[in-house]
Every structure is written in C-alpha cells, then in structure tokens.
Amino acid sequence: MKNRIVIWLILLLAGFAHIACEELETVRINENVEPNTLQPLSSTDIVLTFEEADENAVTFTWTATDFGFQAGTVYTIEMDVAGNNFANAFELEETRNLTASVSVRTMNNGMLALGQNPFEPANMEFRVISVVSNNVAPVFSTTRTASVTPFATSFPSIWGMGSGLKGWGPWPDNAVEWSSQQFKKYEQIAYFTNGEAFRFFEQLDWGPVSYNYPYFTSVSPVFENANDGDSNLRVAGATGWYLVKVDLIAKTVTAEATQEPLMYMTGAGIGGWDTPGTGASIKMTYVRPGVFFATANFVSGEAFRFFAQADWGPTSYNYPYFTTVSSLFENASDGDSNLRYTGTTGPQTVIVDINEGTVVVVPPLYMTGAGIGGWDQPGTGVSIKMAYVAIDTYEATATFYNGETFRFFAQDNWGPTSYNYPYFTTVASDFEHAEDGDSNLRYIGETGSRTVKVNLATKVVTLN
C-alpha cells in the first residue's frame, strides 16, 4: 500500500512539473514575438446603409506576426467601442491571409450587437488577434480607430390614442398603429374627429414614453395644441380620413386629407358575384395602408376576388397577383384567375396584404370551460368561437360564472394549442390564476354577461 501511495505522489508531482514546463515554454515562445501591425484603415469615416448591405464596408491589412518559428497563424479582426479595451469585442472576420474585407451587413450587425444607436456615429476601435495554438499566447496588433454609423434593421410601430381617434382606451383595443418602414418615421391613414384630442405613444400602454404637441417642432395645421393640461394634439381640421406622417427625428407631423381606404370581396365563393359594395359582397376592415381583413362564409369549390373600390373597376386582385396564398385557396383557372376556396364550407377570417402580396387565413380561437357553462370540446356544446375584430384580437360575449374556470383553444379540439393564465402578461382583474394543475383562468366577478377581448400578440386579456 505504501509503495502505491509513493508511486501516486511521484506521478502527481510529475504532472504538476509538466504543467509548469508548459507555462514556461509558452512564455519562452512568446518572449521574442514580433507583433503584427494593423495598417491604417481604408476608411476612417464609415457610414453604413441598408442599400449597400452586401458591399464592402472597409478593408483591413496587416503585417505577419513573427512567432520565431514557422506557424500556421489564424488572424481574427475584432471591433469594440473606443475606450472599452475590447472587453465586449465583436469578431468581424477570421482568416489566414494578411488582408480581409468586411461587409456592410457584418459590420452593421456588430454595431447593433454592441448597443450602438442607428444613424448615430460612434468611435470604434479595431485590432487583429494572431493565434497559432492553444499552447501559445495570442498576440494583439496595434489598434486603429474609425467613426462608424450603423443603420436600423427593425422598425417598431408607435400608437395613436385619444378621442380624436378611437377613444382614450382601453389598451390595446382602441390604439391605432402607426407602422414604420424607416427608422423613426411612421405613417397611417386614420379617421379623425374634429375638436377631439389624441397623442402618440411609443408602446401599447400609457407609459413610459409618449409624444404630445410641444414635442414636435413642426405640426400640420390639421392639428393644434389642445392646451388641455397634457398639451395633446387636437384635431382642428374637418372630421374625416387623413394620411398622417410622423418623423421623430425631424420632429414633424404632416397631414393631408384622403379617401377612406377600401377593399371588397365578392364572388360565388362568399355568396354571389354582386357588384362590390352591394349584395353579398363584403367590405373588409382597414388595418393600415394595404392591409385589410374580413370574416365571410366561404363556399367550398367556388371563386371570388378582391376589389379596391365599390365597383368592378379599375382595380382588383386575383390569384396571380399574390406571392403567398393560404392553402385553402387555389387558382380558379376560370379565365379571370380568381381565387377558389378549397376548404369546408363555413366561416373563415382572411387578411389580405397588398404590399407583401399575401392572403392569410386567421386561425380560430375558442373559449370553453365551466366558467362559461361547461367543459365541452372546443367547437361543440356551450364552447364559444370568438370573433376576430382586429389584428391578433378576438372578442366574445358570454355568461361568466363566479368561481369557475375556463381557457382559450386555437382549434376546435383539445389540442395541440391552448392558452392558459400564465401565457398572458396582462389579465383583467376579474380573472385569476386557477392554480388547478392546468393553470386555467378562474372568473371571480359576479355571474353575468361580460365581453372579453384577447390579443394573442400583446398577450392581453380585457373584460367589459
């Protein structure tokens, strides 16, 4: 036993000695290393743009690192905010060459990953790391600096709220979306009411950020300062539809009167080939420029199309116009290339997006449970199919029973998709977490008829 212990100690000490020798060898190898030099950049004022995303932003060139022996060196170009000592460095490129070009897209991704604001120049530092193996310490080049201006890759909406639009709440039901295709520039066609006020919000809530009349340096005369204590915007123009553009960079609001955006569906596929705006034709609900939705009773095997006015012309959209169409529709190949409905006869909600060239069928949403009268399979018994009333928003009126539970289902069956209490981030106070194993919603208000709205995108449940 003693001999075994002695042998074990000898082996352990030998291991430590080997590690120590490795460390000493690493130091000796790097004692006389000649670091590489990163040459001046091909540009020191780099403005990145979306249009040039696939082009080269800058070219890097450097000298070889001399490790004192033949080495297959891998070079990595790093970028970080100036003064950050490369603590959060972003790797732009890896190569075995002594030069490399970095694309606008790659550099822009790095800028955003490092937390830099779009369209604001920032001083950035660059260096090249030389590596030959895990046993040899990396070598860092000289550092170069450049001003880099990134562009935005996502464009969140802002929201209008107030009696000048659809009313002062509730959120998100009465919020009007101002969508964006450019950084901090928004537009919407909306119906405004003369003499009433509103303001813009950065989020689907009252706070933390909103924009009132004094925020802007230039506002269309269609609006004025409401001088109502909150300095909201008051509609000074005539009641009607306006195209309103908001620029939060230039701090401007422009407005011009326009016609109500229209889209109709007509055809045997929804009940008959009536002139758009008459008979069985359906006027779709406007969402934002080019986007509309409607619910119709579709007839299996029959055709229809979309019309941009209450008439047969001049503008209509048939199957070939669209690039993406729900599998429930096909090209009717009837001479006019209308859309033919191939599903089971019954109600469907469709969203048409003329900008993107898409026709989407909205999935249903059901409520079922003792909280509304019984745990019937969705689509049967006392279960309720909710109405699609706005983008991502469903509504239904039901008799809710105090102390009982229910949940939402995305199909006329128990699975695969349902939504219980924890799914939502904001739930009306008359509902609570049932804590019943399935985390259903329990109704704790007085028994009676109530109207519930569900927004699956914002994960909000409201109750009136």
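The values are calculated or read from the model by the stated rules, or taken from the named source; none is laboratory data. Only a predicted model underlies this, so the values are computations on that prediction, with no experimental measurement involved. Glycine gets a Cβ as well: all are built from the backbone with ideal geometry, and neighbour counts include every protein chain shown.
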**Request:** Output yes when any residue across segment 89-101 is surrounded by fewer than 20 Cβ atoms within 10 Å (Cβ to Cβ), out of contact with any Phe, Trp or Tyr (no Cβ under 7 Å at 6 or more places or on another chain), assigned to a loop (DSSP other than H, G, I, E, B) and among the hydroxyl-bearing types (Ser, Thr, Tyr), and no when none is.
**Result:** no
**residue 109, sole failed condition from (1) outside any helix (DSSP H, G or I); (2) touching a strand residue (DSSP E or B) at 6+ places or on another chain (Cβ under 9 Å); (3) modelled with pLDDT under 95** = (1)
**Request:** Would you please name the residue that is nearest to residue 148 (Cα to Cα), looking only at residues in segment 63-88 that are touching a Phe, Trp or Tyr at 6+ places or on another chain (Cβ under 8 Å) and acidic (Asp, Glu)?
**Result:** 80
**Request:** Specify which of the listed residues (313, 371, 346, 357) is in the same structural domain as residue 451 (by TED's automatic domain parsing) and out of contact with any Cys (no Cβ under 6 Å at 6 or more places or on another chain).
**Result:** 371
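Per-residue answers, yes or no, for (1) over 27 Å from the mean Cα position of the chain (by Cα); (2) more than 26 Å from residue 118 (Cβ to Cβ); (3) at pLDDT 95 or above:
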{"site": "183", "(1), (2), (3)": "no, no, no"}
{"site": "202", "(1), (2), (3)": "no, no, yes"}
{"site": "224", "(1), (2), (3)": "yes, yes, yes"}
{"site": "248", "(1), (2), (3)": "no, no, no"}
{"site": "254", "(1), (2), (3)": "no, no, yes"}
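Could you list all residues from segment 397-449 that are among the aliphatic types (A, V, I, L, M), out of contact with any helix residue (DSSP H, G or I) (no Cβ under 6 Å at 6 or more places or on another chain) and part of a strand (DSSP E or B)? Walk me through how you get there before you give the answer.
Taking segment 397-449 and keeping what is among the aliphatic types (A, V, I, L, M), we get 398, 410, 427-428, 434, 441, 444.
Filter again for out of contact with any helix residue (DSSP H, G or I) (no Cβ under 6 Å at 6 or more places or on another chain), leaving 410, 427-428, 434, 444.
Across segment 397-449, the qualifying residue is only 427.
Take segment 153-170 and flag every residue that is more than 19 Å from the chain's Cα centre (by Cα) and either surrounded by 18 or more Cβ atoms within 10 Å (Cβ to Cβ) or over 15 Å from residue 189 (Cβ atoms) (or both). It would help to see each step written out before you state the result.
Applying the first criterion (more than 19 Å from the chain's Cα centre (by Cα)) to segment 153-170 yields 161-170.
Within segment 153-170, 161, 162, 163, 164, 165, 167, 168, 169, 170 qualify.
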**Request:** Could you tell me which residue of segment 338-373 is surrounded by the fewest Cβ atoms within 10 Å (Cβ to Cβ), considering only residues that are among the small types (Gly, Ala, Ser) and assigned to a strand (DSSP E or B)?
**Result:** 346
**Fill in**
When segment 375-390 is checked residue by residue, the ones that are assigned to a strand (DSSP E or B), over 13 Å from residue 407 (Cβ atoms) and over 25 Å from the mean Cα position of the chain (by Cα) are 385
**Fill in**
Subset of segment 201-230, residues free of Cβ contacts under 8 Å to residues at least 24 places away in the same chain, in contact with a strand residue (DSSP E or B) (Cβ under 6 Å, 6 or more places away or on another chain) and surrounded by fewer than 19 Cβ atoms within 10 Å (Cβ to Cβ), comes to 210, 212, 224
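Give me the residue from segment 375-396 that is without any contact (Cβ under 8 Å) to a residue 60 or more places away in the chain and among the acidic types (Asp, Glu) and, out of that set, surrounded by the most Cβ atoms within 10 Å (Cβ to Cβ). Spell out how you get there, then give the answer.
Quick first cut of segment 375-396, residues without any contact (Cβ under 8 Å) to a residue 60 or more places away in the chain only: 375-385, 395-396.
Keeping just the survivors that are among the acidic types (Asp, Glu) gives 376, 395.
Working: 376: 15, 395: 17.
Looking at residues that are without any contact (Cβ under 8 Å) to a residue 60 or more places away in the chain and among the acidic types (Asp, Glu), I get 395.
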**Fill in**
residue 335 fails exactly one of (1) in contact (Cβ under 8 Å) with a residue 12 or more places away in the chain; (2) surrounded by fewer than 16 Cβ atoms within 10 Å (Cβ to Cβ); (3) farther than 30 Å from residue 444 by Cβ, namely (1)
